[in-house]
Structure formats: C-alpha cells, structure tokens
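The values are calculated or read from the model by the stated rules, or taken from the named source; none is laboratory data. Bear in mind that the values here come from a model prediction, so they are computed numbers and not experimental data. Here Cβ is always computed from backbone atoms with ideal geometry, including for glycine, and neighbour counts include all displayed protein chains.
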Amino acid sequence: MLSMKSVDPVQLTLNSRFSFKCYKSIGCFTKCCSNIDILLTPYDIIRLKKKLGLSSGEFLDRHVLIEIDEKTSHPFVFLKMNEDAGRSCPFVSPEGCTIYSDRPANCRYYPLGQASLKKMDENINVAVTEEFYFFVKEEHCLGYKEDVEWTVKSWREDQGVDIYDDMNRGWKEILFRRNLPGCELDEKKQKAFYMACYDVDRFRRFVFESRFLETFDIDKALLDKISGDELELMKFGFEYTKYILGIEETLKKK
Ligand code: SF4
Ligand code: SF4
C-alpha cells in the first residue's frame, strides 16, 4: 500500500499537468519496484495469471498475500514481494519489469494514484461515482525532474490504464459499502467475496459444476456470455458478490 507520506494531497483532474519521464538509463531505474505493497485488482489477477500461464488458484497461492480490511472485513490481495532485504518485486530484473505488458494497474498509474468517491449529483438527485487522481512523490523517483509534459489523461492513455478502470468498476462499487453501518462480513461471505472477485477459475467451477444453476434463475443469453468469456464471468462475479453481501438483488432464486 502507498505510504501516505508520499501522497501529494492535491486532487487532480484529467486535465491536470505534470512533467515526467521514466527510461532505462535513469539513475533510479527500478527503484520503485522494491519495498512497496501493490494492491491487486480482479482484472490485474486475470492479466497476470494468463501472462504467467497459471490458473487463478495457482497464481493466488504463489503470488499474493491476503489482508482483511479491519472495518469491513473485505478481503484484499497484495502482490507477495521477495523476502530479500529490499522486499523486491518478484517480477523486477536489471532490464526492468519482466511482465511489463501485463503489469498491475497501480504500476501503470505510477507516479500517479487513482481513487474514487461517491457523491450526490444534486441535478439528478442520484449518487454518482467520481474518480480522481493524485501524485505519488517518492524521494528516489527522479522522473519528476525530466521535462516531458503530460496531462493525467494523456498519461493514462500512454500507460493503457483505461481498460483496467473499466474492468474493475463493478468491484469498486462493492468496496463503497465500507460506508454502510454494520458492514462486517462473516467468514462465509468473506470466502464467497474472495472466490468471486479473485479466483475466477474456481468461481467458474462453482457456477457450472455445483448446484448454482439449480438455485438461481440465470438468463440463457447471460449464461452463454459467461461460459465463453472469462472477463464476462469476472463481471458476473461482482454481481454475485453484490447479491451475497446484500448490496443489490442482482440474482433471482428459482
Ligand atoms: S523511480 Fe520513477 S523514474 Fe525511476 S524507474 Fe521508477 S518510475 Fe521511473
Ligand atoms: S510488477 Fe513490474 S512494474 Fe510493478 S513493481 Fe513489479 S517489476 Fe515493477
């Protein structure tokens, strides 16, 4: 997780400007890949497990640490760092990131961070989600001294991060329930959350090989979609989690 000391407390928009450049011969090359905690999102896990040729279960067993949020008891997963003196990332090499094309969203955003909040749109009287950005300024990072100009928008495009935000939107909606009173989860709900949001291969077996389809009334078109498309199955996992957690009646029993 980010150290709050490195977070610049200024809320940025897509049009905010900054100067930055990161390249192989810069003096701090890969210093940002040690001694950090990288929160993984459901879409990160799918990209990483494919890149590494693993099932989601194998990836989770080998590469993550689970943390339970104190307030909500939501399970979160973090990339497991090497047990060396600098807690280096298992995917860093002298040449840079060995999984660069599938690096997690937090690595793509760096040196920016992204957060979301729910607020009331008074014009339509509906709570809407607002995404905003901030700088992560760490002493070792020399990229800020370079003179290549970016806006937050052009940085996001360059780093290919839009798809990550789109794919994780349903998961982030679940996380907003931390503002609800009495939102602690029992162990059964916690396990269901973990499976449906992070362990997509196990979730597939749960949907298609257990009594799930005898219990829930799932539309044929949706069933076709989730049986043939892993990302659709992931999104369905978010809907199932919302149902289990009582956030929304996303499923109907038979
Ligand atoms: S510390 Fe900053 S400039 Fe250096 S490699 Fe990492 S992101 Fe690039
Ligand atoms: S995943 Fe890649 S970019 Fe991210 S910390 Fe590890 S080596 Fe660095």
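Points worth noting:
- Qualifying residue in segment 8-15 (condition: within 16 Å of ligand 1 (Cβ to nearest atom) and in contact with a strand residue (DSSP E or B) (Cβ under 6 Å, 6 or more places away or on another chain)): yes
- If the condition is being among the charged types (D, E, K, R), touching a helix residue (DSSP H, G or I) at 6+ places or on another chain (Cβ under 8 Å) and surrounded by fewer than 16 Cβ atoms within 10 Å (Cβ to Cβ), then segment 18-52 contributes Lys21, Lys50.
- Residue match in segment 113-136 (condition: surrounded by 13 or more Cβ atoms within 10 Å (Cβ to Cβ) and within 12 Å of ligand 2 (Cβ to nearest atom)): no
- Wholly enclosed helices (runs of 4 or more DSSP H) of segment 148-254 bearing at least 1 residues more than 13 Å from His74 (Cα to Cα) and touching a residue at least 24 places away in the same chain (Cβ under 8 Å): 152-159, 162-175, 200-209, 212-215, 230-244
- The condition (being surrounded by 16 or more Cβ atoms within 10 Å (Cβ to Cβ), within 27 Å of Val10 (Cβ to Cβ), aliphatic (A, V, I, L, M) and at pLDDT 90 or above) is satisfied by just one residue among Val148, Val161, Val200: Val161.
- Within segment 10-100, strands (runs of 3 or more DSSP E) holding 1 or more residues that are near ligand 2 (Cβ under 10 Å from one of its atoms) and hydrophobic (A, V, I, L, M, F, W, C): 75-79
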